[in-house]
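Input: a single structure, listed below in structure tokens.
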Amino acid sequence: MGHTKPQFPCFQWRKSEHGDWERDVDECEMFYILSIREGSGCYPVTGCASFTTDSSNNPTINEDNHEKGYRVEDALRKAWMTLCYRHPTLRSRINYDEDSGQWKRVYSILRDMEEEKQWLDSTFKAIDIDVEPLQWFNNDSTYFETSTVFLVRSKEGSQCHQAVFIRCPHDVTDGVGVLQLIDQLFHHAAKAYKEGVSYILRESGNDHARLSPCLRVAAAIPESFSEAQFKRFEDIQTENGEIYNHPGLLGLPPSSVASASGQGKRQRLSLSIPEATTKQILHNCKSIAPGVSVTHVFMAALAQTLCSLQPQKEESYPVRYVNHSMLNLRPYFRNPYDSPEHAAAAYHTVSAQALRIDLAVPSSSSDAKNRDRVDELPQIATKVRDYYKLVRPVSSTDEQIILAPLMFKSLIPPPGSDPHAVSDPPFYPVPLSSIGNVVSIVTADHDPFKLTRVWAASEPIGAGVAIFLGTWDGQIELSAVFDTRYHDAEYIENFLQRIVDCVYEGLRINEHTAPSQAMPVEQGEMYL
């Protein structure tokens, strides 16, 4: 789908009469700003890194734990300041302009040291607790509206835990971007820790020149679409409508003890698969068919697990799992938008085409349920592989990129509606997003900081459960973000385990010699 050289006057950063820098927002940003839950400051995306600090490699440092803790906090504060000067979009916000009736992204310059201190104090929070950091995240995380770093330190008996959470509005960055920010934060923190008072905080002036453009500009998508492009998108939407028009769409049944009343919390749980078993899974995936990956196998296992949780009837009946893939578009952009220089930007899209997996819930009298599931998984994984091959972009002019604004526009909730309102009867969709090997984005060793676990996640829409698949330190990690109004933690943990068990069965891996390790709530992965 070719396109002419784009012109973007409304999306270019320009100085306003108030002295701020501003531009119009595109469809991707509009989707996220209009998907904010009532009572929330933003629709968030979170990157987290648990870490330890070892200064033993530096013989000039001889400090007690209190002094070391101060140096760590000071280094991370300086690193956050440096990160925001290198990525000023982190300090931008989206406002509604009453005069023009338009949404604007606005960047305000810090005019003096006092404004700088006020901003830093409001966006860098050091929190001391007596529970694990992720337990704080799940139950007590602080309200925020703009990009904020939380340094969470906990001590339980003799055990000390430290974690950094970078939390941003999703209109500011995405899953890959927030992981790039985690990596850069610790890069700057390591430098600040070693250099101490001699660390140079910033290069003065010209911050606006480093503001990131919106997706439309970075992807060089034309301002207007041709009739052929509109027709192509309408045809895809018609096909999607036929896919969704099914009486047995698969969702996750609610927990029996969960209650849809009151204000729920979004929480995260994960399961980690040992390194040896991860290697076995990788090997067995390749043996299914050329090109079949871990993502394809886990997507197949997710659909099969949801099918197994549906109520059985006297007769077998058809069900269908539907999913849209989140696509990282950075690799297809021109320089510098294809690099971590623009980590503070949401450069991804939702696949235009929907994935469809048709299954059957066996009858209550059937005794072939497990055997059918084992035989089905390779077949389903191969179909998922073909779907991903269809939607994965191959160039900067791929239709998935060009149609991204139309896709996000189609997802924007109608005026006055609540995107998180639950249907009647309730439906609980379960999308899966894969980010791949996190170590390819985040370096584990930033001496003296050693990152022990890194993950990223966003939140589901409505009553959905968002599943994330990634790998860290040689271990596959399967995680879920869910709403406590509809599902409880034990139920979700069992659900994740059933998906992993389905993978073991389908790949014929002996679960007794390759057990997954259920990670507690306090430990902790997305691709958004």
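The values are calculated or read from the model by the stated rules, or taken from the named source; none is laboratory data. Keep in mind that this is a model prediction, so the values were computed, not measured. With ideal geometry, Cβ positions are generated from the backbone for all residues, glycine too; neighbour counts draw on all protein chains shown. Surface areas here come from the heavy atoms of the whole protein model, side chains and all, with no ligands, DNA or RNA. Shrake-Rupley method; radii C 1.70, N 1.55, O 1.52, S 1.80 Å.
What do you reckon, is SER325 open to solvent by less than 70 Å² (accessible area, probe 1.4 Å), touching a Phe, Trp or Tyr at 6+ places or on another chain (Cβ under 7 Å) and of a type in the set (S, T, N, Q)?
Numbers: open to solvent by less than 70 Å² (accessible area, probe 1.4 Å): yes; touching a Phe, Trp or Tyr at 6+ places or on another chain (Cβ under 7 Å): yes; of a type in the set (S, T, N, Q): yes.
So SER325 fits the description; yes.
For the stretch 150-178, enumerate the residues that are closer than 17 Å to PRO88 by Cα and assigned to a helix (DSSP H, G or I). Please lay out each step first, then the result.
Start the filter on the stretch 150-178 by keeping residues that are closer than 17 Å to PRO88 by Cα, which leaves 166-174, 177-178.
Answer for the stretch 150-178, where residues must be closer than 17 Å to PRO88 by Cα and assigned to a helix (DSSP H, G or I): GLY177, VAL178.
Out of the stretch 107-149, which residues are in a strand (DSSP E or B) and closer than 22 Å to MET81 by Cβ? Break it down stepwise before answering.
In the first step, residues of the stretch 107-149 are kept if they are in a strand (DSSP E or B); the result is 107, 124-129, 148-149.
Answer for the stretch 107-149, where residues must be in a strand (DSSP E or B) and closer than 22 Å to MET81 by Cβ: TYR107, PHE124, LYS125, ALA126, ILE127, ASP128, THR148, VAL149.
Does LEU306 satisfy the condition of being out of contact with any His (no Cβ under 8 Å at 6 or more places or on another chain), in a helix (DSSP H, G or I) and within 17 Å of ILE243 (Cβ to Cβ)? Before the answer, list the steps.
On the way: out of contact with any His (no Cβ under 8 Å at 6 or more places or on another chain): yes; in a helix (DSSP H, G or I): yes; within 17 Å of ILE243 (Cβ to Cβ): yes.
Spelling it out, LEU306 is indeed out of contact with any His (no Cβ under 8 Å at 6 or more places or on another chain), in a helix (DSSP H, G or I) and within 17 Å of ILE243 (Cβ to Cβ).
For the structure I just gave you, tell me whether ARG216 is open to solvent by less than 70 Å² (accessible area, probe 1.4 Å) and among the charged types (D, E, K, R).
Working: open to solvent by less than 70 Å² (accessible area, probe 1.4 Å): yes; among the charged types (D, E, K, R): yes.
So ARG216 passes the test.
Take the stretch 233-254 and flag every residue that is open to solvent by less than 40 Å² (accessible area, probe 1.4 Å), of a type outside the set (S, T, N, Q), in contact with a strand residue (DSSP E or B) (Cβ under 9 Å, 6 or more places away or on another chain) and part of a helix (DSSP H, G or I).
The answer is ILE243, and nothing else.
Could you say which residue among SER224, SER259 is assigned to a loop (DSSP other than H, G, I, E, B), within 30 Å of SER339 (Cβ to Cβ), among the small types (Gly, Ala, Ser) and modelled with pLDDT under 95? I'd like the intermediate steps shown before the answer.
Values: SER259 fails: within 30 Å of SER339 (Cβ to Cβ).
One residue alone meets the criteria, SER224.
Report whether or not TRP80 is within 24 Å of ALA209 (Cα to Cα) and either assigned to a loop (DSSP other than H, G, I, E, B) or under 21 Å from the mean Cα position of the chain (by Cα) (or both). Explain how you work it out, then say what you get.
Values: within 24 Å of ALA209 (Cα to Cα): yes; either assigned to a loop (DSSP other than H, G, I, E, B) or under 21 Å from the mean Cα position of the chain (by Cα) (or both): yes.
When the stated conditions are applied, TRP80 passes them.
So ALA345 ticks every box in (1) assigned to a strand (DSSP E or B); (2) of a type outside the set (S, T, N, Q); (3) under 30 Å from GLU38 (Cβ atoms) but one. Which box is left unticked?
Condition (1) is where ALA345 drops out.
Need pairs with beta-carbon distance below 9 Å; first residue under 16 Å from SER40 (Cβ atoms) and open to solvent by 30 Å² or more (accessible area, probe 1.4 Å) and within the stretch 261-281, second in a strand (DSSP E or B) and β-branched (Val, Ile, Thr); sequence gap 6+ or separate chains.
Once the first residue is under 16 Å from SER40 (Cβ atoms) and open to solvent by 30 Å² or more (accessible area, probe 1.4 Å) and sits in the stretch 261-281, its partners that are in a strand (DSSP E or B) and β-branched (Val, Ile, Thr) give ARG266/VAL481.
Test ALA352 against the criterion of being open to solvent by less than 10 Å² (accessible area, probe 1.4 Å), under 22 Å from ASN245 (Cα atoms) and part of a loop (DSSP other than H, G, I, E, B), and give yes or no. Steps first, answer last, please.
On the way: open to solvent by less than 10 Å² (accessible area, probe 1.4 Å): yes; under 22 Å from ASN245 (Cα atoms): yes; part of a loop (DSSP other than H, G, I, E, B): yes.
It is true that ALA352 is open to solvent by less than 10 Å² (accessible area, probe 1.4 Å), under 22 Å from ASN245 (Cα atoms) and part of a loop (DSSP other than H, G, I, E, B).
ILE435 passes all but one of (1) assigned to a strand (DSSP E or B); (2) in contact with a Ser or Thr (Cβ under 8 Å, 6 or more places away or on another chain); which number fails?
(2)
Considering only the stretch 314-371, state which residues are touching a His at 6+ places or on another chain (Cβ under 7 Å) and either modelled with pLDDT under 95 or β-branched (Val, Ile, Thr) (or both).
VAL350
Under 6 Å between Cβ atoms, which residue pairs at least 6 apart in sequence (or on different chains) link something in the stretch 392-411 that is on the phi < 0 side of the Ramachandran plot and open to solvent by 10 Å² or more (accessible area, probe 1.4 Å) with a partner that is assigned to a helix (DSSP H, G or I) and among the charged types (D, E, K, R)?
LYS409/GLU27
Output yes when any residue across the stretch 287-305 is modelled with pLDDT of 95 or more, in contact with a strand residue (DSSP E or B) (Cβ under 7 Å, 6 or more places away or on another chain) and surrounded by fewer than 18 Cβ atoms within 10 Å (Cβ to Cβ), and no when none is.
The answer is no, given that none of the residues of the stretch 287-305 is modelled with pLDDT of 95 or more, in contact with a strand residue (DSSP E or B) (Cβ under 7 Å, 6 or more places away or on another chain) and surrounded by fewer than 18 Cβ atoms within 10 Å (Cβ to Cβ).
If you go through the stretch 423-467, how many residues are surrounded by fewer than 22 Cβ atoms within 10 Å (Cβ to Cβ) and basic (Lys, Arg)?
Count: 1.
Within the stretch 223-238, how many residues are under 27 Å from the mean Cα position of the chain (by Cα) and not aliphatic (A, V, I, L, M)?
Taking the stretch 223-238 as the starting set, the residues that turn out to be under 27 Å from the mean Cα position of the chain (by Cα) are 233, 236-237.
Now drop any that are not not aliphatic (A, V, I, L, M), which leaves 233, 237.
Qualifying residue count for the region: 2.
Take the stretch 436-482 and flag every residue that is within 16 Å of the chain's Cα centre (by Cα) and among the acidic types (Asp, Glu).
GLU459, GLU477 - these are the residues of the stretch 436-482 that are within 16 Å of the chain's Cα centre (by Cα) and among the acidic types (Asp, Glu).
For ASP418, state whether it is open to solvent by 50 Å² or more (accessible area, probe 1.4 Å), modelled with pLDDT under 95 and charged (D, E, K, R). So that I can check it myself, show each step before the final result.
Working: open to solvent by 50 Å² or more (accessible area, probe 1.4 Å): yes; modelled with pLDDT under 95: yes; charged (D, E, K, R): yes.
Against the criterion (open to solvent by 50 Å² or more (accessible area, probe 1.4 Å), modelled with pLDDT under 95 and charged (D, E, K, R)), ASP418 qualifies.
Output the residues belonging to the stretch 168-187 that are closer than 18 Å to LEU120 by Cβ and open to solvent by 20 Å² or more (accessible area, probe 1.4 Å).
Answer for the stretch 168-187, where residues must be closer than 18 Å to LEU120 by Cβ and open to solvent by 20 Å² or more (accessible area, probe 1.4 Å): just GLN184.
Going through PRO405, PRO419, PRO429, PRO460 one at a time, which residue ends up being of a type outside the set (Lys, Arg), under 24 Å from VAL176 (Cβ atoms) and assigned to a helix (DSSP H, G or I)? Before the answer, list the steps.
Details: PRO419 fails: assigned to a helix (DSSP H, G or I); PRO429 fails: assigned to a helix (DSSP H, G or I); PRO460 fails: assigned to a helix (DSSP H, G or I).
Answer to the selection: PRO405.
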